[in-house]
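The values are calculated or read from the model by the stated rules, or taken from the named source; none is laboratory data. Source: prediction; values computed, not measured. Note: ideal-geometry Cβ built from the backbone for every residue, glycine included; neighbour counts use all protein chains shown.
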Amino acid sequence: MASGEMRDLVVVGRVRRPHGVQGEVAVEVLSDNPDRFQPGAELLARAQDGGVATLRIVAARPHGGVLLVLFEGLADRDQVARLSGSDLLVDAARIGEAPAGSYHYFDLVGCVCVDRAAGELGEVVAIREDGGGLLLEIRDRERTVLVPFVRAYLRSVEIERKLIEFDLPDGLLEICASPL
């Protein structure tokens, strides 16, 4: 696929490293759809240099917090080593809508965040899971701030307008911010 043909793609996994010598790779799964990594499924792999290739899954099995995946036509460690660090993607049209009251991560990234008292905070650049819940990584020109994405702090989430409004507790921004 030529770079001009890139469409709206969603990251559903990330290749971490080769596993063994038979062509398997360790994949960090970033999707809650169990069918995403079933044999026969096709994914796009976007390498760190921007190159894109279509891959078909032959087999997948859980192993120590990752999924070990074998792709068609890649049968040894040397062939899959170049996939390390690649994002695994699907067309956004294949994802479907999030259930009411929940959001896809890719819908939140790019949203402008505004706090009732502090005003504009910046734009969501990433979502982090810290074991205690989701954190939005919000960045402006001067700082990065990690804000808990919890109902108690939310006033509204308008995906269509790419806007998230908060009512954050006093002092939270000062505690959770770091300069760029």
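Structure values in brief
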read-out: Residues of region 9-30 classified as within 15 Å of the chain's Cα centre (by Cα), touching a residue at least 40 places away in the same chain (Cβ under 8 Å) and surrounded by fewer than 21 Cβ atoms within 10 Å (Cβ to Cβ), total; value: 6
read-out: Single unsatisfied condition, TYR103 versus (1) assigned to a helix (DSSP H, G or I); (2) over 17 Å from ARG14 (Cβ atoms); value: (1)
read-out: Subset tally (residues that are under 11 Å from ALA41 (Cα atoms) and of a type in the set (D, E, K, R)) for region 58-72; value: 1
read-out: Any chance GLY40 is surrounded by fewer than 16 Cβ atoms within 10 Å (Cβ to Cβ) and either in contact (Cβ under 8 Å) with a residue 12 or more places away in the chain or under 24 Å from LEU134 (Cα atoms) (or both); value: yes
read-out: Looking only at region 137-172, and only at residues there that are in a strand (DSSP E or B) and free of Cβ contacts under 8 Å to residues at least 12 places away in the same chain, the one that is nearest to VAL114 (Cα to Cα); value: SER156
read-out: Flag if ARG116 is of a type in the set (Lys, Arg) and either surrounded by 12 or more Cβ atoms within 10 Å (Cβ to Cβ) or out of contact with any strand residue (DSSP E or B) (no Cβ under 7 Å at 6 or more places or on another chain) (or both); value: no
read-out: Failed item in (1) more than 22 Å from the chain's Cα centre (by Cα); (2) at pLDDT 95 or above, with GLU142 passing the rest; value: (2)
